[in-house]
Structure formats: C-alpha cells, structure tokens
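Contents: one structure, followed by commentary.
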Amino acid sequence: MVESAIKTGVDAEAAVPMPAAGALFGLELAELTAVMAGLGQKAYRGRQVFDALYKQRVASLDEMTTLPSSLREELKAAGWSVGLPEMVQTAVSVDGTERYLMRMADGETVETVWRPDGDGGERGDGSEAASEEAGEVVDAVEAVTAKVDKRNWGALAEKGFRRATMCISSQVGCAVNCQFCLTAKLGIRRNLTAGEIAGQVAAVLNRHGVKMGKDRINLVFMGMGEPFLNYDSFMQSVKVLVDGVGVPESRMTVSTSGILPGIERYAKEAVRPKLALSLNASNDVVRERVMPITRKWNIAKLLEAVKAIPLKTREWVTFEYVLLGGVNDQPEHAREVLALLNGLRAKVNLIVWNPGPGIDYHQPEPGDVAVFQKMLIEGGIATYIRRPRGRDIYAACGQLKRTISEERGSEKLVVIGAAV
Ligand code: SAH
Ligand code: SF4
C-alpha cells in the first residue's frame, strides 16, 4: 500500500487506513497522519498530534494547543479523545512505592506500580539500568522480611536527576494460571490495547512530573497479564513508548511466563525490550505443578527458543525465579538451575514469594535464599535478589489483583480483588 502511495505521489505516511475513531493515544505517527488526512488536514498536523500526545503528554484534546480550536472540536465531534487511563485510586507504601488503580474507557481496571529507585531487580535485568545499580545489594533477610528501605525518589533529586521503575500491566487479569500468583485468580477478562498499555506510563509520568531525557525511567512489563499473549498490542506500545514518549528500549524489560510463539516472534524484532523469562522451577515436574502452562511448552523448548535470540553485545537474558519455601528453594534445585543455564548468557533474579490470600505457599527461609544465591554465583551466574517493594500495599510481584482500599471509620482496609 505504501509503495502504490509513493507511485501516485501521495504522502506515504498518510497511506495507512484511517483507524476507527476512539482513543488517539497509542496510534503511531502514520496512523495519526491518516486520521488528520481523513479530516482533510495536511501531514504536519499528524506530527503535531503525535508530539502533543507523547512529548507533551496532554491529557485532553483541549490541551492540544498547537491545533486550532476548530480542529480540536472537529476531532471531538468525530469521536476522538486522548484516551489515557484514569488513575482512580492510589495506595502509597511505607517504602515510597505507589500502586495505582487505572480505569479504562469501558470501566475495566488494571494496576500500575511506581517504584522510586527501583527494586534491585534492574541489576539482573541486563538493561542499561543494571550498570547504574552497582553497590546496591539486596540481602536475603531483607528480601524475606521486607525491612523498610529509607531511600526515596527525593534522595536522588539532589543529584540532579531522579530514577524510578514503573511496572506496567498488559492484560486485565491473566489466563496463565500460575499457582503462586494473585493475578491468576482474576482469570482473563480482556487484552489491553497498545494505548492502554503505553497510557499507563504517560499517566504515571504526568503524576510525578517526570522530564524525559533527564530523569531515568525504567519500564518493566511485569504487571497484570502475560505480555506475549497480547503480543501485537504489547509491541505497538513499545513502539510509541520508544518513538514517542522517549523511553529507550534498553530501559525496558518484558517478562514472560514462557509463551513459546511469543519468544520466537520477539527474537526477530529489531527494536525490543530486554527479555526476562519466569523460570520459577528447576525441572519440568516442579514447574508443571507451579506453572501448569509447562505442559504446553516445557523448559527444554523454552531454553532452546531463548538460545536462538540474537543477543546484542552486553545483553543478557534474565531468568526470574520465585522462591517458594520447600518447593523449589533447596540446594538440589540450585544445582539443576545451574545445569539448565549452562552456556547461556543469563542472569538470575531471585524473587522471594510474596504472599496473597487464598494462595497456599510459604515464604522461603532467609538462610535458604542466601544459600541458593551463593550456589548460583559460585556456579558462575550473576544472581540478584529482588527487593520486595510495596508488599504492605499489595504492590509487589504477583500481588496485583485490583486491590482497593476503603476507609471505614478510622480504619483503612485493603480489599483484595474487590469488584470495582
Ligand atoms: N506474566 C508475566 C509477567 C508478570 S508476573 C510473567 O509471569 O512473567 C511478573 C513476575 O512476578 C514473574 O516472574 C512471576 O513469576 C512473578 N510472580 C508472580 N506471583 C508472584 C508472587 N506471589 N510472589 C513473587 N513473585 C511472583
Ligand atoms: Fe499470569 Fe505472570 Fe501471574 Fe503467571 S505469574 S498468572 S503469567 S501474571
């Protein structure tokens, strides 16, 4: 289509079909140009809308002051809006972590998490952020007890920039049914669109007045849902975040539970976040028990697909490993993990299991966590322990389940999985 457009002398960017009216946020430049062309406007108007959405991060059409007001009215009349998710509730942890309940246009909600100064997981993410984390070591006792960490977003501001990691959701609920994860209890309600995924980022950046290019923002696609079961929207969100919002892909990490076709597609992408694979067990027997999806794609198949990814210089694949007390946290498991990862350019992020109501697992003993980490490091694998940020407000890994807090009298209650 682009080729024929060039032949006929029409602006190639205008040659994509005009998207159906709705949210502008999430559309690429060519699509925005098509929208403007549909209103009889020249191509530069598409660029203006693109910049307003992603660089200025406007929340409404009225804020698009680079467009004449008549054109803004025309857009509204045609059924267009910016369409950022609405932040309807905020919970703030004692450690500075914030968890937001985000409402989409149809009323569905997901959660997004903001972690000032990250959670130590970046060290193992093989991303650019990893090299900035030197000296920040999370120990096993801290990981289990969630001792409060006093550092906060303000502390780095004194150095002239701020750093935070944002955890983004890709689906409303999740279909994968990992037995240790609270999100699994929701089942899958629907996929998010690219705009709804990237829109979480814009809404949170706006809340904190983040200046792109100055402040350092890391994104992890590790919130609710399985990004590789919503592949196209996930990848399109990456495109607008990179090209529009200005977050380099080297500062993004996508985590998958092991969706083989997704890993194969990911391997072929020119622009892609870093990969994290939720290994979570050292053999198929245990993995099938904790992650039933292993019956479809076993560990060997997943590792084969990971080996086929053309890694760039200084790029690693991260293996996440949720430590479940007495299930997968013993020395024999560490030995099996070493054997599995032999020959791979791998880092390991150990995540102490975060409890959730109705989930029948136990936290590992701090001593077992320490031994597990030591064995992997001695076996030659860089291994980090993720700091359990925001556990008190159900914002830590695997705790996202559309939690809402309610004030009842003087009491503040956290209601898990409440219908909203
Ligand atoms: N669906 C993707 C990304 C979201 S889950 C995936 O599974 O990879 C992000 C990470 O949290 C995964 O590594 C997952 O194994 C881990 N996780 C899930 N539930 C957890 C829990 N209760 N405690 C600690 N980590 C958990
Ligand atoms: Fe889904 Fe990831 Fe939770 Fe598994 S761990 S149920 S894939 S969100």
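Do any GluC sites (Glu not before Pro) in segment 204-285 lie in a loop, going by DSSP, with at most 15 other beta-carbon atoms within 10 Å of their beta carbon, and if so which? Taking segment 204-285 and a limit of 15 other Cβ atoms within 10 Å, the loop GluC sites (Glu not before Pro) found are GLU269.
At R0 = 25 Å, how high is the FRET efficiency between SER81 and LYS55 if r is their beta carbon distance? Nearest 0.05 is fine. Efficiency, from the Cβ-Cβ distance: 0.85.
Selection among GLY209, GLY325, PRO310 by position relative to the dipole of segment 203-332 gives GLY209 as farthest towards the positive end (Cβ unit charges, Cα centre). Amide H contacts of ALA382: VAL348, each under 5 Å away and 5 or more positions distant or on a separate chain (H built 1.01 Å from N in the peptide plane; Pro and chain starts excluded). Residue separation of ALA20 and GLU269 scaled by 0.36 nm, minus their Cα-Cα distance, works out to 87.0 nm of gained length.
In this structure the amide hydrogen of ASP215, modeled in the peptide plane, comes within under 5 Å of the amide hydrogens of ARG162, none closer than 5 places in sequence on its chain. Computed from backbone phi, the HN-Hα couplings of segment 255-267 come to 10, 10, 7, x, 8, 3, x, x, 5, 5, 5, 4, 4 Hz, rounded to whole numbers (Karplus: 6.51 cos²θ - 1.76 cosθ + 1.60, θ = phi - 60°; Gly and Pro given as x).
Here each label is just a point 7 Å from Cα along the line to Cβ, and for ARG335 and LYS185 those points are 3.7 nm apart.
On full extension, the segment bounded by ILE377 and ASN177 gains 68.9 nm, given 0.36 nm per residue less the C-alpha separation.
Across the cross-link table entries LYS76/LYS268; LYS185/LYS239; LYS274/LYS374; LYS274/LYS296, which are compared at the Cα atoms, the separations over 28 Å belong to LYS76/LYS268; LYS185/LYS239. Maximal additional length on extending the LYS307-ARG47 stretch stands at 89.7 nm, based on 0.36 nm per residue less the C-alpha distance. The accessible-area ordering, largest first, of the residues ARG162, ARG57 stands as ARG162, ARG57, per a 1.4 angstrom probe.
The values are calculated or read from the model by the stated rules, or taken from the named source; none is laboratory data. Since the structure is predicted, the reported quantities are computational estimates derived from the model, not experimental observations. Using ideal geometry, Cβ is built from the backbone for each residue, glycine included, and neighbour counts are taken over all protein chains shown. Remember, those area values only see protein heavy atoms, side chains included, never the ligands or the DNA or RNA. Shrake-Rupley method; radii C 1.70, N 1.55, O 1.52, S 1.80 Å.
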